[in-house]
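Only the coordinates and a few stated rules stand behind these numbers; no lab work does. Bear in mind the structure is a predicted one, so any value in this text is a computation, not a measurement. Positions of Cβ are generated from backbone atoms using ideal geometry, with glycine treated the same way; all protein chains shown enter the neighbour counts.
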Ligand code: AMP
C-alpha cells in the first residue's frame with residue numbers, strides 16, 4: 001500500500017514527459033485519470049481500475065479555467081491537495097500531475113479545440129464554451145502524460161463522447177493513440193452520484209437531490225415495462241423532479257445513447273441515455289443512466 005510520501009507530485013510538462021519516458025523504457029504501460037481534484041470514490045474507482053492494468057498510473061489534478069463560464073464556480077471550486085494525495089495513494093496511483101494554469105496554457109489558451117454538434121447540445125447549450133475547454137485541456141493533458149489508456153466516468157456521459165471524438169479526430173499521435181475507457185458512475189447509498197460539487201449542498205439540498213436518481217430509475221423501470229415513447233419517458237422524469245420545490249430542471253431527456261440525438265420512439269435493443277441536469281440553489285448537478293430497450 002502506498003502512502004502520501006510515495007506519491008510523486010509533478011508540476012511541469014517537461015518533468016512529466018521524463019517520468020513517462022523512463023517508465024516506458026522499462027517496459028511499463030501508462031494509465032491516466034484526468035480530474036479537477038477534490039477526489040472522491042468515483043475518482044478512486046477509476047484509479048483502482050487503471051492500477052490493475054498499468055504499471056504507471058498518473059492522476060492529473062487541474063481545475064481547468066477554460067471549461068468554466070464567466071459566472072460559474074471556478075474560483076470557489078473545492079481544492080484539497082493533501083486529501084487528494086491520500087486518495088491517489090490508497091487507490092494505487094503513483095504520480096500526480098498538478099500543473100499551473102501557465103504551464104497548461106503557455107499561449108494563453110489562444111488555440112482551442114471545438115468538436116462540433118456533440119459539444120453544442122444539452123450541457124453545451126447550457127454552458128456554451130464548456131466542451132471546447134474540456135476537449136482542449138484533455139488533449140494537452142494527453143500530450144503531457146502520454147498515456148496508453150485514459151479512464152473517465154460515465155457520470156459525465158456527454159464529456160466522454162466529446163473526448164472520444166476529439167481523440168479520433170486528433171492529428172497528434174500521442175493523443176490519437178490513447179484508448180478511452182469509460183467506467184460506471186459511483187453513487188452514495190441514497191443514489192446521489194458522487195461529485196466534488198456535492199460539498200456545496202446543504203442537508204436539505206442533498207435530500208432534494210435524491211429525486212434525480214429516483215427520476216432516472218423510475219424512467220428506466222417504465223422502459224423495462226415496454227414504454228418506448230420519448231415524450232412519456234421524459235414526462236415521467238419531469239413529474240418526479242418537479243415534485244421537489246427546491247430543484248429547478250435544466251433538462252431531463254431521453255436520447256439515443258451514442259449520439260445524444262433526439263427521436264420520438266425507441267426500438268427494441270436500442271441503447272437510450274436518460275440525462276438530467278438540475279439546479280439546487282447555486283449548484284448545478286448532472287446525472288445519467290443508459291438503458292437498453294427490451
Ligand atoms: P472531475 O474531477 O469532476 O472533472 O471528474 C474527473 C473524472 O472522474 C471524470 O472522468 C468524471 O466523469 C469522473 N467521475 C466524476 N464523478 C464520478 C462518479 N461519481 N463515478 C465515476 N466517475 C466519476
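Kirkwood radius and radius of gyration were both taken over the C-alpha atoms of segment 147-221, and their ratio Rg/Rh is 1.12.
Computed from Cα atoms, the angle from the helix 13-25 axis to the main principal axis of the chain rounds to 80 degrees.
With contributions of -39500 (n - 2.57) from each DSSP H run of at least four residues, the per-residue ellipticity at 222 nm computed over the chain stands at -11500 deg cm²/dmol. For segment 260-294, list residues with backbone N below 20 Å from a point placed 7 Å from the Cα of residue 188 toward its Cβ? Those under the cut-off are 276-289. Could you estimate the translational diffusion coefficient of segment 20-65 from the Stokes-Einstein equation, with Rh from the Kirkwood formula over C-alpha pairs, at 10 °C and 1.306 mPa s, in whole µm²/s? This corresponds to a translational diffusion coefficient of 141 µm²/s.
Judged by the gyration tensor of its Cα atoms, with axes a ≥ b ≥ c, segment 1-160 is prolate; a/c meets the 1.5 cut and a/b is the larger of a/b and b/c. Between residue 225 and residue 239, the modelled labels are 0.9 nm apart [label points 7 Å from Cα along Cα→Cβ].
Backbone N atoms of segment 84-98 closer than 19 Å to the 7 Å Cα→Cβ label point of residue 143 belong to residues 97-98. Using the Cα coordinates of segment 138-294, the gyration tensor eigenvalues translate into equivalent-ellipsoid semi-axes of 29, 21, 12 Å, sorted from longest to shortest. For helix 41-53, report the angle its Cα long axis makes with the longest principal axis of the Cα atoms of the chain; keep it between 0 and 90° and round to the nearest 10°. The two axes meet at around 50 degrees.
Cα centroid separation, segment 120-138 to segment 15-62: 24 Å.
The angle between the Cα long axis of helix 81-91 and the longest principal axis of the Cα atoms of the chain comes to about 90 degrees, rounded to the nearest 10.
For the chain, dividing the convex hull volume of the Cα atoms by the residue count gives 135 Å³ per residue.
For segment 1-86, the Cα-based Rg and Dmax, in that order, read 14.4, 46 Å. In the chain, Cα pairs under 8 Å separated by at least six residues give a relative contact order of 16 percent.
Within the listed set 47, 118, 276, the residue fluctuating most in the Gaussian network model of the chain (springs between alpha-carbon atoms under 10 angstrom) is 118.
Neighbour counts of C-beta atoms inside 10 Å place 223, 36 in the sequence 36, 223, starting with the fewest. Cα extents for segment 84-158 along the principal axes, largest to smallest and rounded to whole angstrom: 38, 31, 22.
Comparing 131, 68, 142 in a Gaussian network model of the chain (Cα springs below 10 Å), the most mobile by mean-square fluctuation is 68. Across all Cα atoms of segment 97-220, the radius of gyration (one decimal) and Dmax (whole number) stand at 16.7, 48 Å. Summary value for segment 185-287: 24 percent relative contact order, contacts being C-alpha pairs under 8 angstrom separated by 6+ residues. For the residues 247, 280, 265, a GNM of the chain with alpha-carbon springs under 10 Å puts the largest fluctuation on 265.
Exposure proxy for 208, 6: other Cβ atoms within 10 Å of each Cβ, ordered fewest to most, give 6, 208. Between residue 86 and residue 72, the modelled label-to-label distance comes to 2.9 nm, taking each label 7 Å out from Cα in the direction of the beta carbon.
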